[in-house]
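K.L.:
Would you mind keeping the following structure in view while I ask a few things?
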């Protein structure tokens, strides 16, 4: 008996003996318990929602958009290239970044999210 058979049998998941290894693995994955993270339990305790951002999709990350905006501002305004000037420009940009500016990052994110959803439905 394979490990797959043992695992499925131990969890009382029905399967046919003629099923291929790929089918058994797919069956096992479809019957896995949901992942539980300690950080989620602690966050729920304090009524905090954890947002998970997909890896390698920076257009879905509002922090990356803010960082890009800050770098563009510093690049456009910086003429002497001193560290003090950069710190001052950083503070200026941060002070000018109000709630409406922050909301625009999320609006941008939602547009890209819809594009991804439409593309995913076509696959």
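The values are calculated or read from the model by the stated rules, or taken from the named source; none is laboratory data. For clarity, every value in this text was computed on a predicted model and none was experimentally measured. As a convention, Cβ positions derive from the backbone with ideal geometry for all residues, glycine included, and neighbour counts pool all protein chains shown.
K.L.:
Can you tell me which of (1) closer than 30 Å to residue 90 by Cβ; (2) out of contact with any helix residue (DSSP H, G or I) (no Cβ under 6 Å at 6 or more places or on another chain); (3) surrounded by 11 or more Cβ atoms within 10 Å (Cβ to Cβ) is the one residue 64 doesn't meet?
P.N.:
All conditions pass for residue 64, except number (2).
K.L.:
Continuing with the same structure: Does residue 72 fit the bill of being surrounded by 10 or more Cβ atoms within 10 Å (Cβ to Cβ), in a helix (DSSP H, G or I) and at pLDDT 85 or above?
P.N.:
yes
K.L.:
For region 2-20, state whether one or more residues are closer than 29 Å to residue 96 by Cβ, loosely packed, with under 14 Cβ neighbours inside 10 Å and in contact with a helix residue (DSSP H, G or I) (Cβ under 8 Å, 6 or more places away or on another chain).
P.N.:
Within region 2-20, none of the residues are closer than 29 Å to residue 96 by Cβ, loosely packed, with under 14 Cβ neighbours inside 10 Å and in contact with a helix residue (DSSP H, G or I) (Cβ under 8 Å, 6 or more places away or on another chain).
K.L.:
Being farther than 30 Å from residue 10 by Cβ, part of a helix (DSSP H, G or I), within 21 Å of the chain's Cα centre (by Cα) and at pLDDT 90 or above is the requirement here; does residue 67 meet it?
P.N.:
Here the answer is yes, as residue 67 does meet what is asked.
K.L.:
Take residue 25 and tell me if it is under 26 Å from residue 115 (Cα atoms) and surrounded by 10 or more Cβ atoms within 10 Å (Cβ to Cβ).
P.N.:
No, not satisfied.
K.L.:
Next question. Mind checking which residues of region 95-106 are in a helix (DSSP H, G or I) and surrounded by 10 or more Cβ atoms within 10 Å (Cβ to Cβ)?
P.N.:
101, 102, 103, 104, 105, 106
K.L.:
Restricting to region 41-64, name every residue that is under 23 Å from residue 113 (Cα atoms), without any contact (Cβ under 8 Å) to a residue 40 or more places away in the chain and in a helix (DSSP H, G or I).
P.N.:
Answer for region 41-64, where residues must be under 23 Å from residue 113 (Cα atoms), without any contact (Cβ under 8 Å) to a residue 40 or more places away in the chain and in a helix (DSSP H, G or I): 58, 63, 64.
K.L.:
Another question about this same structure. When residue 41 is evaluated against the numbered criteria (1) under 30 Å from residue 103 (Cα atoms); (2) surrounded by 11 or more Cβ atoms within 10 Å (Cβ to Cβ); (3) at pLDDT 85 or above, which criterion, by number, is the only one it fails?
P.N.:
(2)
K.L.:
Where the second residue is part of a helix (DSSP H, G or I) and the first is without any contact (Cβ under 8 Å) to a residue 40 or more places away in the chain and lies in region 87-116, which pairs have Cβ atoms under 6 Å and are six or more apart or on separate chains?
P.N.:
89/74; 89/77; 93/70; 93/73
K.L.:
Six or more apart or on different chains, Cβ under 7 Å: which pairs go from a residue in region 1-21 that's part of a loop (DSSP other than H, G, I, E, B) to one that's surrounded by 10 or more Cβ atoms within 10 Å (Cβ to Cβ)? Could you list them?
P.N.:
Within 7 Å, the pairs are 11/31; 13/27; 13/31; 15/8; 15/24; 15/27.
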